[in-house]
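Data block below; observations after.
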Amino acid sequence: MNLHEHQAKALFGQAGIPVPSGKVATTVDEAYASAQEIGLPVVIKAQVLTGGRGKAGGVKVAKTLEDVKTHAGNILGMSIKGLTVHKVLVDPASNIAQEIYLAVAMDRAAGRPVLISSSEGGVEIEQVAHDKPEAIIREHIDPLLGLHDYQTRSVASAINLPREHWRAFSEIALKLYQCYVENDAMLTEINPLVVTKEGVVMALDGKMVIDDNSLYRHKEIAAMRDLTAEDESETQARQAGIAYVKLNGQIGCMVNGAGLAMTTMDMVKLYGGEGIGPANFLDIGGGAQADKVVAALRIILSDENVKAVLINIFGGITRADEVARGMIQAYNEVKPTVPIVIRLVGTNAEEGRKIIEEANIPQLLTAATLTEAAQKAVEAAKGAK
Ligand code: GDP
Ligand code: MN
């Protein structure tokens, strides 16, 4: 789960990291009132779940109340990378002397968190990694020992931060790591962490990604989820308890088990060749009941690119006859117009296939093997083009 800038900065603030004391506004009038209260100049910042807002015109400094009206008016309703801006953050503006990058992320290869910093803050870190990789400093953190002062000082030195700011930088890095651990984050990022002309070090931007699997023990963070800011099909999938990731291909996949889902996608790609591929990852989970099959089919078909659906179920705990009944019900409720290829194996597979065949729906095709199923689905998708 991604947090908005204002939410991440609120959590940073609670952890003791210096942040501007801004206010969120949903209308021009609210932004105007906030600016009056905060005092000019202010920065008006689009709250959307993507980076690069600055470049897209979603971050503007307002020196007068007239500017506040103009910028808030332009930014509210603006579209940034396909996301509509519903809220702006009004922050007191800072006099920036230096912009630094600072983050804690999970290094999966190393199996531990890593503190990442760069003197080249403000720009996207991917850009720095491409243009000037030597400017990115990494310090791994032992999860049992935690992050230590000597490590943060060594990073401060490596990014050539003037010595008078080392203490402030170290404290912020330690608190950022604390924030990462206590909130079960996968990423806590400050870009830019600035040194102001007055010599204050503070977080002007904030990004946090929280591990979805931990939300059960972070009720206050779970409640921060902004449904207007995320993809509708992903919201529906989460509510139905289905793991779903939208991709760019034409064959919708419905599978039980993450590993089998990946294998199914590989097979689709293998037989699809150039131009035909999986439209999504979808793991319907164990013990899939009819209502889950219906929900999954709706989600898959909400993607306009889908030209065929491939259903691959290995009946273990999930019984194939149950899935087959679910499929017929789903077909009657959703009334799909694209062909659906079904492969059922495992517990009660024979009954399952019989149920599908006896329903005698021309659009529902069965396949005995995954190879056959992938080939049939590819053929169907090509036929539809
Ligand atoms: P992003 O583009 O989505 O990462 O948004 P940021 O919050 O990082 O803002 C982009 C850039 O706007 C920053 O790198 C700064 O250069 C600039 N900016 C943000 N806040 C202020 C501010 O208070 N004063 C000034 N002068 N510039 C700011
Ligand atoms: Mn930024």
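The values are calculated or read from the model by the stated rules, or taken from the named source; none is laboratory data. Keep in mind that this is a model prediction, so the values were computed, not measured. For neighbour counting, all protein chains shown are included, and Cβ atoms are generated from backbone atoms with ideal geometry for every residue, glycine included. Calculation scope for accessible area: heavy atoms of the full protein, side chains included, ligands and nucleic acids excluded. Shrake-Rupley method; radii C 1.70, N 1.55, O 1.52, S 1.80 Å.
Over the Cα atoms of segment 1-108, compute the convex hull volume and normalise it per residue, giving Å³.
Working: hull volume 13.4 nm³, N = 108.
Normalising the Cα hull of segment 1-108 by residue number yields 124 Å³.
For the chain, evaluate the Debye formula with one uniform point scatterer on each Cα (no solvent term) and list log10 I(q)/I(0) at q = 0.07, 0.08, 0.11, 0.14 Å⁻¹, rounded to two decimals.
Debye intensities relative to I(0), on a log10 scale: -0.44, -0.55, -0.88, -1.10.
Under a 10 Å cutoff between Cα atoms, tell me which one of V104, V309, V68 has the largest fluctuation in the Gaussian network model of the chain.
Result for the chain, Cα springs under 10 Å: V309 fluctuates most.
Could you sort R167, R238 by their accessible area in this structure, using a 1.4 Å probe and putting the largest first?
Order by accessible area, largest first: R167, R238.
So which aspartates and glutamates pass the test for K307, namely a Cα distance under 17 Å, with those fewer than 8 places away in the same chain ruled out?
Those aspartates and glutamates meeting the cut-off are E274, E379.
Stick to the Cα atoms of segment 96-222, pair each with every other, and give me the Kirkwood hydrodynamic radius in Å at one decimal.
14.9
Give the peptides 46-55, 217-226 in descending order of average Cβ contacts within 10 Å, highest first.
46-55, 217-226
Helix-derived [θ] at 222 nm for the chain: sum -39500 (n - 2.57) over DSSP H runs of at least 4, divide by residue count, nearest 500?
The helix contribution divided over the chain gives -11500 deg cm²/dmol.
Can you give me the relative contact order of the chain as a percent, contacts being Cα pairs under 8 Å and 6 or more apart?
It rounds to 13 percent for the chain.
As a test of reading the structure, rank L227, L176, L65 by solvent-accessible area (1.4 Å probe, protein chains only), most first.
Putting L227, L176, L65 in descending order of accessible area: L227, L65, L176.
Could you check the spin-label model distance between R138 and A109? Points 7 Å from the Cα along Cα→Cβ, value in nm.
0.6
Counting other Cβ atoms within 10 Å, which trypsin sites (Lys or Arg not before Pro) in segment 68-122 have at most 16 and lie in a DSSP loop?
Here the sparse-neighbourhood loop sites are K81, R108.
If packing is taken as the average number of other Cβ atoms within 10 Å across a peptide's residues, how do 12-21, 88-97, 200-209, 372-381 rank, most packed first?
Per-residue Cβ counts within 10 Å, averaged per peptide and sorted highest first, yield 372-381, 200-209, 88-97, 12-21.
With the full set of protein chains in place, find how many percent of the accessible area of the chain is carbon and sulfur; take the probe as 1.4 Å. Write down the numbers at each step before the final one.
Values: 9230 of 18100 Å².
Answer for the chain is 51 percent, counting heavy atoms of protein chains only.
If you line up the long axis of helix 349-359 against the longest principal axis of the chain, both from Cα atoms, how many degrees apart are they, to the nearest 10?
The two axes meet at around 80 degrees.
Sorted by packing (mean other beta-carbon atoms within 10 Å per residue), highest first, where do 128-136, 315-323 land?
Listed from highest to lowest mean packing, they are 315-323, 128-136.
Please report, in cubic angstrom per residue, the volume enclosed by the convex hull of the alpha-carbon atoms of segment 247-352.
Numbers: hull volume 9.0 nm³, N = 106.
Expressed per residue, the convex hull around the Cα atoms of segment 247-352 is 85 Å³.
Using only the alpha-carbon atoms, what does segment 66-161 span along each of its principal axes? Please give whole angstrom values in decreasing order.
On the principal axes, segment 66-161 reaches 50, 30, 28 Å in Cα extent.
For segment 21-92, what does the accessible surface come to per residue with a 1.4 Å probe? Please give it in Å².
With the other protein chains kept in place, segment 21-92 gives 48 Å² per residue.
Between helix 370-384 and the chain, what is the angle of the helix's C-alpha long axis to the longest principal axis, kept within 0 to 90° and rounded to the nearest 10?
Once rounded, the angle reads 80 degrees.
May I ask you to give the average projected area over all directions of the convex hull of the Cα atoms of segment 53-103, in nm² rounded to one decimal?
4.6
So what's segment 313-380 giving for Cα Rg divided by 2.2 N^0.38 Å, two decimals?
That works out to 1.04 for segment 313-380.
Could you name the aspartates and glutamates in cross-link range of K23, using Cα to Cα under 15 Å and dropping any fewer than eight places away on the same chain?
Straight-line reach from K23, under 15 Å: E5, E37, D91, D205.
Of K45/K292; K60/K175; K175/K219; K132/K175, which ones are farther than 31 Å apart at the Cα?
K45/K292
Of N160, N191, N183, which is the most mobile in a GNM of the chain whose springs link Cα atoms less than 10 angstrom apart?
Among N160, N191, N183, the largest mean-square fluctuation in the Gaussian network model of the chain belongs to N160.
What's the angle, to the nearest 10 degrees (0 to 90), between helix 320-334's Cα axis and the longest principal axis of the chain?
Between helix and principal axis, roughly 70 degrees.
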